[in-house]
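What follows is one structure encoded as structure tokens, with my remarks underneath.
A short reminder: the numbers here are calculations on the coordinates, not readings from a lab. Bear in mind the structure is a predicted one, so any value in this text is a computation, not a measurement. Please note: Cβ atoms are built from the backbone with ideal geometry, for glycine as well, and neighbour counts cover all protein chains shown.
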DNA sequence: CGATCTTGTACTATCGTTTGTACACCGTCG
DNA sequence: CGACGGTGTACAAACGATAGTACAAGATCG
């Protein structure tokens, strides 16, 4: 549009364009949006005149003022542990995209997995009258979810699940099982699991799925070889170091529930004189784009992050329309690369 | 607060708490916020009664309605190429943090470096009456910035700079020079630069700084060894492959203007039988947490991302208060690690 | 040709909050 | 003891948009 008025600070309002077009504010409003069922629609001629005036003056609807009257903010809020986490950022991209398609805007906030921050951020979003929340940092701690439910706030979970709340997640149990199957295939017996933060269902379910399949095959994992820690490179390195300090020969295979942590683990293994892909098999999770491009490409489990975000929005919109959707589990897919394509 | 009313969909309004406290809506408003200069303030007793009622009913101010009257949305908008880029996500964390400290909320949108998306996203934000914009995807294409300036929209740039607009960026020229200095120190002569996207000032200034220092030392870089491409692992791999296809012996040192691209380049070098840190020196940029934890720790230039975001907000707030701040260049810092701690 | 219907327009109230101003009440002082 | 200043409160009008409804003009029918 080649429009735009002068550089005045005041925005063009519906009243301005009504005056310009020589009609009432009502008609202007109905000409531009309106047509709400029983409402009298303006004539085609009037509508055209209004639209022309709107274009000439560079009108744009004040979302806030309209929302006040209609009681619809068309805003969705999302809570994430931190946006600098690639996986959550990608999920948010899916959220933004799908919400936009449905005419909604989104806001997002970092909570750093801190229950107080979660609560505070959610409260701020509700003060802004978001119509629903997408929770990407669900955790058993804090009790926020139960509170939201009691207050009747529409929300869905994404990435992590918890309780019986509707959630859009990857099938982390299945992913864990697939990794176990792959390592059993290659004949490994001594394995370690870097299990992530205990409060996140992602890590714990990937671990549970792995252990389930592993023990079903008659093998065991010593408790000191299932280590928890942060989902980042430094956390993975430390967890790996702790495993290497345990008594007995080192594992021949390691499952890390997060790719960044897996990369940190690579460093620790190298420092211990073990070469990934030759002395030890390594499998990560999430298949971030980086993993395939590493000098030693990392085996990983692809999670459909964008689709997870889109699905979460669809679930939430369903709830907003009065539905009671169930959870959605999206299938993961193991990609075997050089880091684990070997036997013990 | 142990408050919260029932699970009714309607929120508690100022009118409710006024009725509850037995005062007018005016007094309720003034008791809770008010004290605006000449305004008559309610008595301490009334104020206490109102506050008590508000707490009991679980009142929270409707930001939108209030903003409508006061003409202040207390909202800042930020445009980024994509939030799944670690660097921009971290900058946004700084933005969110500093804005929150000043009582502002933020919204963010992905533009994928597409001029049409940039414009559309900015327009949506302005419809939501953001008070100012933080542009993290500035580029000479599209002319959005000039338009915004003409329309009197307050904005600042971050991460990338452009034109004479106020910006909070790292000193990319200095960073590039530092890398060149380091590689000159180690005695390298055959060097390549993976320069990132041509439209981003970050990459082009890092490259320019590097070449400036390099040529000042009497050395040259053949044009076909300065290669542009995306700032991610796959882009870095492809760019590196193109360099390796050029005639002549391979470079003994490579400067990549982005860490993720540098990791992709590592893969390409390995495939070509060159070991980083032994056969070839590699230096990245941004010093993402991963870089120090890689099996071969990557030399990189630390950029103060959080601080960049915070600074951008401070500049914008300054503008909103009528100031005309200049740009801020934050100092980078080279961290030499195993990937480049060697001579040719 | 008058009554009814259709169609298009404008008036008015409203969303929840803030703010200018009118007003009532108190004590104080001349 | 009446006028006056100060103080606290409530009324009413906004902010910009929308929805219900009243009303006027033209079209249609018996």
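Once a ≥ b ≥ c are taken as the square roots of the eigenvalues of the Cα gyration tensor of segment A:172-302, is the result rounded (a/c under 1.5), prolate (a/b larger than b/c) or oblate (a/b not larger than b/c)?
Cα axes put segment A:172-302 in the rounded bin.
Please find, in a Gaussian network model of chain A (springs between Cα atoms separated by less than 10 Å), the residue of A:33, A:112, A:188 whose mean-square fluctuation is greatest.
Highest fluctuation among the options: A:33.
How far, in degrees from 0 to 90, does helix A:259-271 lean away from the longest principal axis of the Cα atoms of chain A, to the nearest 10?
Once rounded, the angle reads 30 degrees.
Say we join alpha carbon atoms closer than 10 Å with springs in a Gaussian network model of chain A; which of A:11, A:270, A:119 then has the biggest fluctuation?
A:11
By count of other Cβ within 10 Å, fewest leading, how are A:59, B:199 ordered?
B:199, A:59
Work out the FRET efficiency for residue A:123 and residue B:149 from their Cβ-Cβ distance, taking R0 = 60 Å, and round it to the nearest 0.05.
Rounded to the nearest 0.05, the efficiency is 0.95.
For chain A, what relative contact order do you get, as a whole percent, if you take Cα pairs closer than 8 Å and at least 6 residues apart?
For chain A, the relative contact order is 16 percent.
Between segment A:43-72 and segment B:180-210, what's the alpha-carbon centroid distance in Å?
Between the Cα centres of segment A:43-72 and segment B:180-210 lies a distance of 51 Å.
Got a sec? Which residues in segment A:131-170 would a label at residue A:307 touch, if it sits 7 Å along Cα→Cβ and we count backbone N under 16 Å?
Zone members listed by number: A:159, A:168-170.
Assign one of three labels to segment B:159-249, namely rounded, prolate or oblate, based on the Cα gyration tensor with a ≥ b ≥ c the square roots of its eigenvalues; rounded applies when a/c is under 1.5, prolate when it is not and a/b is larger than b/c, and oblate otherwise. If you can, show how the numbers build up before the last one.
Values: a/c = 2.29, a/b = 1.26, b/c = 1.82.
Oblate is the answer for segment B:159-249, as a/c is 1.5 or above yet b/c matches or exceeds a/b.
Taking a label point 7 Å from Cα toward Cβ, how far is residue B:271 from its twins in the other copies, in nm, shortest first?
Those separations, rounded to one decimal, come out as 3.0 nm.
Quick one: with label points 7 Å out along Cα→Cβ, list the inter-copy distances for residue A:323 in nm, shortest first?
Copy-to-copy label distances at residue A:323, shortest first: 4.9 nm.
Using 0.36 nm times the number of residues separating residue B:101 and residue B:341, minus their current alpha carbon distance, what extension gain do you get?
Difference between extended and current length: 82.2 nm.
Ranked by Cβ crowding within 10 angstrom, fewest neighbours first, how are A:56, A:237 ordered?
Numbers: A:56 14, A:237 23.
Starting with the residue having the fewest Cβ neighbours, the order is A:56, A:237.
Just for the protein assembly as shown, what percent of DSSP beta bridges are antiparallel, to the closest 5?
10
Using Cα springs under 10 Å in a Gaussian network model of chain A, which residue among A:105, A:238, A:71 shows the largest mean-square fluctuation?
Maximum fluctuation in the GNM of chain A, among the listed residues, is at A:71.
Between residue B:208 and residue A:224, what is the spin-label point distance in nm, taking each point 7 Å from the Cα along the Cα→C-beta axis?
If labels sit at residue B:208 and residue A:224, their model points lie 5.8 nm apart.
Please report the antiparallel percentage of the DSSP beta bridges confined to chain B, to the nearest 5. Kindly include the intermediate steps, with their values, before the conclusion.
On the way: 3 of 34 bridges.
Among the beta bridges of chain B, antiparallel pairing accounts for roughly 10 percent.
Between the label point of residue A:101 and that of the same position in each other copy, find the distances and list them shortest first in nm, with every label point placed 7 Å from Cα along the Cα-to-C-beta direction.
List, nearest first: 4.0 nm.
I'd like the orientation of helix B:115-127 relative to chain B: the angle between its Cα long axis and the longest Cα principal axis, in ° from 0 to 90, rounded to 10.
Roughly 20 degrees between the two axes.
Against the longest principal axis of chain B, how steep is helix B:233-245, in degrees 0 to 90 to the nearest 10, with axes from Cα atoms?
Here the helix axis deviates by roughly 20 degrees.
Across peptide B:60-68, what mean number of C-beta atoms from other chains lies inside 10 Å of a residue's C-beta?
Per residue, the number of nearby Cβ atoms from other chains is 5 on average.
Answer rounded, prolate or oblate for segment B:289-344, using the Cα gyration tensor with square roots of eigenvalues a ≥ b ≥ c: rounded when a/c is under 1.5, else prolate when a/b is larger than b/c, else oblate.
Prolate, since a/c reaches 1.5 and a/b exceeds b/c.
Taking all pairs of different Cα atoms in the protein assembly as shown, averaging 1/r and flipping that mean, what Kirkwood radius in angstroms comes out?
27.6
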